[in-house]
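All remarks here apply to the structure that follows.
The values are calculated or read from the model by the stated rules, or taken from the named source; none is laboratory data. Quick caveat, the model's predicted, so the values are computed rather than measured. Every residue, glycine among them, receives a Cβ derived from its backbone with ideal geometry; neighbour counts consider all protein chains shown. The accessibility values were calculated without ligands, DNA or RNA, using every heavy atom of the protein model including side chains. Shrake-Rupley method; radii C 1.70, N 1.55, O 1.52, S 1.80 Å.
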Amino acid sequence: MSSKEKSIGQIYKKHIKLIIILISATVLSIFFLLLINLNRNYKDSNLVNVLGKQSMLTQMMAKNTGRIYTINSVLQENLYDKSNEENLKYKLSQTIKKLEDSKDEYDRQYSLIKKGYVVVDNKKISFKGAEKKLIPVFEKNDEIWSNFKESIDIVLKEQSNSQETIKAIKYINENNEKLLNYSEEITRIVLDYNNKETMIIYYIIIILAVLMLVFLALFINKAYKELFVPISQLYKGMSQLGITLEDSLDVKSEKNDLMPVFSEVNMVFNQLNSLITLIENLNKNIPFKDILEYIFKSFSKYIPYTHIGVALIDDDGKTIKASYGISDKVHKNLAENMAEFKIDINKTSLSRIVESGKERIINDLEEYVKKVSDKEYNKILLEAGIRASITFPLKNKNEVIGIIFFSSNIKNVYRKEHVRFLRMLANSIVLSLEKDIFNQDMIISSTLALAKLTEERDLETGEHLYRMKIYSKMIAKFLSKEEKYKNIIDLEYINNIERFSPLHDIGKVAIRDEILLKPGKLTAEEFEIMKTHALYGAKVLKAAEENLKKKGRNIFFMAIEIAEGHHEKWDGSGYPYGKKGEEIPLSARIVAIADAFDALTSKRPYKEPFSFEHSVKIINEGSGTHFDPYIVEVFNKNIDKIKSKYLEFKYKNIL
């Protein structure tokens with residue numbers, strides 16, 4: 001190596017090192033901003049949940065006192081069927097308990113709020129600095145709440161519609177809205193305080209980030225003069241000799257020993273450009289799945305991989321679940337086939353990666369599998385064509401939240417020099433992954449809360465929601481392996497079907513009890529009212545979706561499709577719009593079969609459960625009229641797996 005080459009190499013390393021330091025400092029500032037933003041979102045979310053619950057408890061107390069009055073009236077005036085007496089008394093006792101629980105919960109939480117904090121997961125979230133603005137609201141609220149609580153105690157003590165009870169209920173109804181307004185005012189003041197406190201730190205870090213960018217700009221100008229200008233002259237000189245990076249193998253010039261330097265410079269700057277874009281994407285409200293796709297497309301030219309998978313630690317570190325995956329076309333349905341796997345982490349070699357926090361390289365998966373126990377997931381990987389992999393723990397501080405796999409269809413492809421770059425990628429995406437997990441948790445929590453609304457109204461739906469979401473997910477997975485839907489139904493689609501199928505009947509919260517809970521057949525007029533639940537459910541979810549769109553999220557789109565379309569029929573005879581064929585969204589067509597199949601095989605107030613065989617027969621009879629014939633065909637094609645799940649439900653006594 002000549003002194004000239006050394007000089008170029010030294011200059012290159014010196015400047016790149018400083019650029020990386022400055023970029024790293026800038027990225028660090030950005031990460032801090034992300035952390036602050038996540039922390040603010042976390043605090044805001046929990047404060048809204050806790051403080052907002054006070055408003056909900058206020059409404060529940062007013063609602064339950066009214067319900068107690070109604071039931072007592074029915075009992076005292078004998079306005080009921082004697083056979084229904086025990087049921088009414090049971091409902092009365094349950095409502096009384098709910099009222100007492102709501103009162104105690106409101107009182108307990110309010111005492112903490114007055115002290116300047118709330119407790120979430122055994123952690124205090126303080127807002128003591130807001131005390132000055134809160135004191136006047138507390139004074140007004142105390143006066144109302146004292147009498148409100150006393151009125152509730154009268155209702156609980158009397159348990160009959162005495163004059164004193166009626167007076168107490170009247171006070172509760174007249175002051176419910178005031179108590180609700182004070183709760184909302186407390187929430188607003190606390191959130192305003194939290195945001196102002198966060199923004200001070202936020203602006204300090206922005207200033208530091210701007211200073212880093214200024215230093216970076218100044219240094220790039222210096223680097224341009226010391227490095228890029230000379231390299232530009234060299235490129236120009238080589239260009240005059242007819243030498244380019246693309247045809248460097250044909251270079252005959254005496255100066256071709258400089259080509260590896262230029263290739264390395266070109267590669268490094270391409271990597272940096274990709275990393276900068278990655279950093280920009282991490283700072284945006286972009287789903288983790290899209291970040292993973294960007295990494296897959298952008299860095300495969302530098303690192304040999306044909307599949308990237310992410311598995312998340314679950315159940316307090318006891319299990320690990322395949323959660324994200326993206327593959328080259330050489331690995332057919334790999335991500336979808338891995339979607340079901342959630343296993344005890346201590347029964348896998350992955351536990352060593354979690355414990356040590358270090359990466360693992362397997363350059364010959366076939367040989368590796370021969371030395372360890374023959375796990376089913378290893379079979380899936382080998383059948384999909386995976387032959388080598390490099391695995392990294394995804395760590396936030398000292399906690400491993402998941403594992404990322406970079407895999408290839410070629411043996412012996414990974415070297416130690418790949419580790420450093422992939423480790424940097426793995427470390428870079430942890431914040432985005434945690435944010436996505438947080439968002440997913442919020443989605444799931446919201447979904448469960450919405451589904452619970454229906455369950456509270458109709459106790460028959462509880463286990464039905466669980467079973468039909470499993471059937472819906474199974475059918476979606478079967479379809480993902482068919483040529484017709486393999487490019488439509490991916491892992492995200494399957495997971496969304498599982499999450500949102502329980503919301504199919506959310507609109508039933510708007511249906512009156514005498515119709516919703518009627519054990520016999522509905523009249524034509526009652527059925528028309530019942531049919532409105534599809535439109536009402538979609539309306540509720542659309543309102544939620546519009547609010548989320550303002551924050552750049554699109555969460556409930558599939559839930560809206562399902563709620564609105566699961567009662568449409570293939571021949572156009574369904575409701576609410578009479579859509580037919582593939583005008584009906586695919587998700588709604590899947591859920592229609594899962595919903596109907598579970599309804600047929602389970603006991604309802606108006607019928608005993610049909611046998612598995614008879615239920616399948618009814619589904620087939622509805623093919624081409626009620627149900628999508630292609631989905632019915634795939635349903636029949638996988639009938640053994642459906643039956644196995646049905647028998648599992650039956651064995652576990654959840655059918």
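Any idea of the accessible area per residue across region 44-99, 1.4 Å probe, to the nearest Å²?
54
Restrict the search to region 546-649; then list the trypsin sites (Lys or Arg not before Pro) that DSSP places in a loop and that have at most 13 other Cβ atoms within 10 Å of their Cβ.
Qualifying residues, ordered by number: Lys550, Lys551, Lys603.
Do any of Lys318/Lys650; Lys617/Lys652; Lys91/Lys643; Lys103/Lys123; Lys63/Lys645; Lys332/Lys531 go past 30 Å between their Cα atoms, and which?
From Lys318/Lys650; Lys617/Lys652; Lys91/Lys643; Lys103/Lys123; Lys63/Lys645; Lys332/Lys531, over 30 Å: Lys91/Lys643; Lys63/Lys645; Lys332/Lys531.
Any of Lys329/Lys539; Lys140/Lys167; Lys379/Lys416; Lys128/Lys397; Lys358/Lys641 with alpha carbons more than 31 Å apart? Name them for me.
In this structure, Lys329/Lys539; Lys358/Lys641 lie more than 31 Å apart at Cα.
How large is the accessible surface of Tyr193 in square angstrom, using a 1.4 angstrom probe and rounding to the nearest 10?
The accessible area of Tyr193 comes to roughly 60 Å².
Using the heavy atoms of the protein chains and a 1.4 angstrom probe, tell me the accessible area per residue for region 291-389 in square angstrom.
51
Carbon and sulfur: what percent of region 529-619's accessible surface (1.4 Å probe)?
Taking all protein chains in place, region 529-619 shows 56 percent carbon and sulfur surface.
Pairs of Cα atoms under 8 Å, at least six residues apart: use those to get the relative contact order of region 37-163, whole percent.
Reported as a whole number, the value is 31 percent.
For region 505-522 and region 152-208, write down the distance between their C-alpha centroids in whole Å.
Going from one Cα centre to the other spans 32 Å.
Rounded to the nearest whole Å², what accessible area per residue is found for region 575-655 with the 1.4 Å probe?
51
According to the square roots a ≥ b ≥ c of the eigenvalues of the Cα gyration tensor, what is the shape class of region 94-194, taking rounded for a/c under 1.5, prolate for a/b larger than b/c otherwise, and oblate for the remainder?
Note, shape of region 94-194 comes out prolate.
First check a/c for region 481-629, with a ≥ b ≥ c the square roots of the eigenvalues of its C-alpha gyration tensor; if it is under 1.5, answer rounded, and if not, answer prolate when a/b is larger than b/c or oblate otherwise.
Cα axes put region 481-629 in the oblate bin.
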